[in-house]
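Before any comments, here is the structure.
The values are calculated or read from the model by the stated rules, or taken from the named source; none is laboratory data. Because the structure is a prediction, the values reported are computed rather than measured. Here the Cβ is made from the backbone with ideal geometry for all residues, glycine too, and neighbour counts use every protein chain on show. Only protein heavy atoms, including side chains, enter the accessible area calculation; ligands, DNA and RNA are left aside. Shrake-Rupley method; radii C 1.70, N 1.55, O 1.52, S 1.80 Å.
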Amino acid sequence: MVFSKEEGSSSYTLPPYPREDTPLLGKAPALSSNLKTFANIFISIVGAGVLGLPYSFKRTGWLMGLLMLFSVAFLTYHCMMLLVLTRRKLESLTGFTKITSFGDLGFTICGPVGRFAVDAMIVLSQSGFCVSYLIFISSTLAFLTNNETTPVFLGFTPKVLFLWACFPFQLGLISVRTLTHLAPLSIFADVVDLAAKSVVMVEDVFVSVKNKPDLKVFGGLSVFLYGIGVAVYAFEGIGMVLPLESEARYKEKFGRVLGLGMGSISVLFGLFGGLGYFAFGEETKGIITTNLGPGVISLLVQLGLCINLFFTFPIMMNPVNEVMERRFCGSRYCLWLRWLMVLLISLVALLVPNFADFLSLVGSSVCVVLSFVLPAMFHLIVFKDELGWSCFVWDGAIVVFGFVIAVSGTYTSVMEILSPTS
């Protein structure tokens, strides 16, 4: 670990870097009640990943999908608590109280290398989320035109045209220096998202009763890595656990609140994925909303989800902007760098044909490292002198499991994306 004499003093502070948890307003946030902490956990985790779960259940089988989903939820919760316990240990040893983010923890334990590892994973994961948003928006809008593949203008398909139509607006949104100005739009988008997903679940219930399609229970080991990747993506939110615990008023109850939040989200995800697959069976598509029939309600639901992801895009880009500007521009606002990142993300989105396949790729690669490997590794380093053999083996097993899934899962997901049938 990187501890120097002055780092152990109460006067030592980290370099004045902005972090991924930097508040939207200048003043420090008030401490959160258990209810507010629960709500913040819910908002931090529930995102676009849930939309790919019905298709994942189609590939893995509904029972296998549920088992993987709940297993990933438990492991994610365990690794989140490893981060919390590791920070508390460091603070008790050194009196160092400025570890408020994942990057700070990496810096305190492993120095610049630790911060770089966390920064790299955050940039890749957040950029991956934004790529998936653009894929969803362009694919959904193209689906609504009833023309997803036929070129309509200068040889471009509707999906490509819709993606580039979003480009100038995203450049404008990403240019906003402070996210405070986007807060009203973000709240509106969250309300629309919750309403749209609720309508999808209700619609799934009625369709499943009517259709009663044949269902697959287990999809076999060949799709295990695919299902793990989608599930890890769906639960990604580990970068926010330390800021949330810092702002919790009753820190001794944070583990219980976090467990309740993860349990509730697991049930919600299981219902969403299961109901979607039960409704459409083997006809379930990569984006579940494209299974909805014609009609005003279906149209509003799909447009609502597109609006949510459209305005969530600049918010999810904020950690990317923070890391890139800190490393290349001395933490100064840099418009051209922000625009360059939006361009690169848009180009990647053009190359990926399937929404759910890309979720599996991001989940199997960077999200596994960020959610499992780094927390277990940091915990192992800090507690190495006092861990029993069982805890030592458990942490080591998580690290090995994470690396195996990252390598094999990434390969499998890339092959899926490059497959002619993708």
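Below are the figures for this structure:
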| read-out | value |
| --- | --- |
| Residue check, residue 375 touching a Cys at 6+ places or on another chain (Cβ under 6 Å), surrounded by 22 or more Cβ atoms within 10 Å (Cβ to Cβ) and in a helix (DSSP H, G or I) | yes |
| Unique residue being crowded, with 19+ Cβ neighbours inside 10 Å and either of a type outside the set (Val, Ile, Thr) or within 18 Å of the chain's Cα centre (by Cα) (or both) when the list is 276, 259 | 276 |
| Flag for residue 252 being of a type in the set (Asp, Glu) and either closer than 12 Å to residue 54 by Cα or surrounded by 14 or more Cβ atoms within 10 Å (Cβ to Cβ) (or both) | no |
| Complete set of residues in segment 320-366 that are surrounded by 21 or more Cβ atoms within 10 Å (Cβ to Cβ) and among the acidic types (Asp, Glu) | 322, 357 |
| Which numbered condition residue 213 misses (of (1) of a type outside the set (Ser, Thr, Tyr); (2) modelled with pLDDT under 90; (3) open to solvent by 10 Å² or more (accessible area, probe 1.4 Å); (4) not in a loop (DSSP other than H, G, I, E, B)) | (4) |
| Residues (in contact with a Lys or Arg (Cβ under 8 Å, 6 or more places away or on another chain) and modelled with pLDDT under 85) located in segment 318-340 | 322 |
| Lone unmet requirement of (1) open to solvent by 10 Å² or more (accessible area, probe 1.4 Å); (2) over 17 Å from residue 42 (Cα atoms); (3) among the aliphatic types (A, V, I, L, M) for residue 244 | (2) |
| Neighbours by Cβ (under 7 Å, 6+ apart or cross-chain): first from segment 263-288, on the phi < 0 side of the Ramachandran plot; second among the polar types (S, T, N, Q) and surrounded by fewer than 16 Cβ atoms within 10 Å (Cβ to Cβ) | 279/211 |
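Yes/no per residue for (1) surrounded by 21 or more Cβ atoms within 10 Å (Cβ to Cβ); (2) touching a residue at least 12 places away in the same chain (Cβ under 8 Å):
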site: 39; (1), (2): no, no
site: 42; (1), (2): no, yes
site: 48; (1), (2): yes, yes
site: 53; (1), (2): yes, yes
site: 58; (1), (2): yes, yes
site: 85; (1), (2): no, yes
site: 98; (1), (2): no, yes
site: 106; (1), (2): yes, yes
site: 122; (1), (2): yes, yes
